[in-house]
Amino acid sequence: MRARVIFAVLLGLACNGTQALRAQQEPPAVVSDPPIDKKFPPALAAVTVPSHGVDMDAIFYLAAGAGPHGTVLLLHGLPGYEHNGDLAQSIRRAGWNVLLFHYRGTWGTSGVFSQSAAIEDVAEVVRFLRDPANAVKYHIDPQSLVVIGHSFGGFLAGYEGGHDRDIRAVAMISAVNLGKINANANERETRLKRWETQLHPVRGSNASELFAEAERHAKDWDYVQWAEALRGRPVLLVAADDQNHADMEALADAIRQKGSVALEAEALETDHSFSDHRIALQTIVVRWLEKLKRPASSDKPDPP
């Protein structure tokens with residue numbers, strides 16, 4: 001009996017030691033609240049962002065401090081049942097503003113959804129964040145805009161980063177490669193059936209129409225082809241154990257081959273939503289963002 005008690009005590013000490021070690025390894029912004037700033041406290045602002053005649057609903061997590069603050073545009077998936085609100089909170093605690101919004105035709109925002117329209121929506125939100133009046137109002141540093149996206153949002157983040165050279169950095173989390181979703185018949189059917197059950201918050205389109213749209217844009221929407229455009233800034237790729245894993249690896253390889261300025265690639269053994277690795281996901285993203293606190297000009301590649 002005494003031996004069992006001693007073993008239990010030692011096991012408890014070991015577990016406590018492991019938890020303490022984890023706490024040391026995780027950034028403070030992931031596991032604890034920051035000091036209180038009474039003059040410039042953090043805030044939550046409900047805003048709307050105009051896009052092609054529609055006011056898109058958005059939530060702005062505003063960081064503490066006078067700023068100006070680097071700002072993260074955090075893009076959810078399709079339709080986005082996992083909004084990554086916990087990730088937004090950790091990023092804000094790390095000193096960044098975070099804007100989440102709903103694409104036209106999703107989650108009660110009016111309009112008709114399409115993947116092409118969502119690409120336009122992201123560009124309009126970036127325009128909103130760069131607007132001088134909004135930069136002053138929300139304490140935004142327009143020179144430090146970072147786009148982070150999950151799943152379909154990861155695709156959109158890569159697209160925006162690949163087409164807008166002034167985006168500071170890009171993070172793609174288990175990003176779906178829309179240019180490839182029709183390439184393999186068996187995988188296409190599996191994915192199509194899943195999409196058919198998950199589009200209740202989407203208006204104006206269905207899974208078959210979205211797959212047909214992706215087929216029409218297959219060449220332009222293969223994100224591996226954006227490697228050259230993405231290589232010139234910090235890029236974070238976080239893969240899960242899902243259907244997007246192989247495409248994420250292919251993109252990482254392509255960026256390396258192009259001569260990346262700053263690529264970080266991580267892979268976690270978890271599901272598409274990172275359901276049992278939420279702290280790990282936040283740790284990876286926040287640590288990556290902490291490296292961006294140096295002047296934005298130092299991320300630029302040397303001229304050829």
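Results for (1) closer than 30 Å to K293 by Cα; (2) charged (D, E, K, R); (3) touching a residue at least 24 places away in the same chain (Cβ under 8 Å), shown as yes or no for each residue.
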| site | (1), (2), (3) |
| --- | --- |
| A118 | yes, no, yes |
| H139 | yes, no, yes |
| G162 | yes, no, yes |
| I173 | yes, no, yes |
| R188 | no, yes, no |
| K193 | no, yes, no |
| N206 | no, no, no |
| F211 | no, no, yes |
| R216 | no, yes, no |
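I'd like to check something: does region 178-196 contain any residue that is crowded, with 23+ Cβ neighbours inside 10 Å, under 14 Å from the mean Cα position of the chain (by Cα) and not β-branched (V, I, T)? Among the residues of region 178-196, not one is crowded, with 23+ Cβ neighbours inside 10 Å, under 14 Å from the mean Cα position of the chain (by Cα) and not β-branched (V, I, T), which makes the answer no. You will find that of G12, G65, G80, G53, the residue that is out of contact with any His (no Cβ under 6 Å at 6 or more places or on another chain) and modelled with pLDDT under 50 is G12 and no other. When L145, L236, L210 are checked against the criterion of being assigned to a helix (DSSP H, G or I) and modelled with pLDDT of 95 or more, L210 stands alone in meeting it. Among the residues of region 239-278, just one is under 15 Å from the mean Cα position of the chain (by Cα), part of a helix (DSSP H, G or I) and surrounded by fewer than 18 Cβ atoms within 10 Å (Cβ to Cβ), namely R278.
Answer yes or no: is there a residue in region 191-200 that is assigned to a strand (DSSP E or B), closer than 28 Å to A265 by Cα and either of a type outside the set (F, W, Y) or modelled with pLDDT under 95 (or both). Write out each step before concluding.
So in region 191-200, the residues assigned to a strand (DSSP E or B) come out as none.
The answer is no; no qualifying residue exists.
Is it fair to say R104 is touching a strand residue (DSSP E or B) at 6+ places or on another chain (Cβ under 7 Å), part of a loop (DSSP other than H, G, I, E, B), among the basic types (K, R) and in contact (Cβ under 8 Å) with a residue 12 or more places away in the chain? Criteria met by R104.
Residues in region 214-233 that are assigned to a helix (DSSP H, G or I) and more than 17 Å from G77 (Cα to Cα): E215, R216, V224, Q225, W226, A227, E228, A229, L230. Being at pLDDT 95 or above, under 21 Å from A218 (Cβ atoms), not in a loop (DSSP other than H, G, I, E, B) and not polar (S, T, N, Q) is the requirement here; does I91 meet it? So I91 does not fit the description; no. For region 167-182, which residues satisfy the criterion of being out of contact with any Lys or Arg (no Cβ under 8 Å at 6 or more places or on another chain) and not in a helix (DSSP H, G or I)? Residues satisfying the conditions are A171, M172, I173, S174, A175, V176, N177.
Residue check: G77 meets all listed conditions (1) in a loop (DSSP other than H, G, I, E, B); (2) more than 14 Å from the chain's Cα centre (by Cα); (3) surrounded by 24 or more Cβ atoms within 10 Å (Cβ to Cβ) but one, namely (2). The residues on offer are A252, A169, and the sole one that is of a type in the set (A, V, I, L, M), touching a strand residue (DSSP E or B) at 6+ places or on another chain (Cβ under 9 Å), closer than 23 Å to R130 by Cα and modelled with pLDDT of 95 or more is A169. Hey, does region 166-180 have a residue that's out of contact with any Pro (no Cβ under 6 Å at 6 or more places or on another chain) and over 30 Å from N97 (Cβ atoms)? Looking through region 166-180, at least one residue is out of contact with any Pro (no Cβ under 6 Å at 6 or more places or on another chain) and over 30 Å from N97 (Cβ atoms). Scanning region 59-74 for residues that are of a type in the set (A, V, I, L, M) and either over 15 Å from V122 (Cα atoms) or surrounded by fewer than 18 Cβ atoms within 10 Å (Cβ to Cβ) (or both) returns I59, L62, A63, A64, A66.
The values are calculated or read from the model by the stated rules, or taken from the named source; none is laboratory data. Just so it is clear, the model here is predicted, and its values are computed rather than measured. A quick note on method: Cβ atoms are made from the backbone with ideal geometry, for glycine too, and the neighbour counts reach across all protein chains shown.
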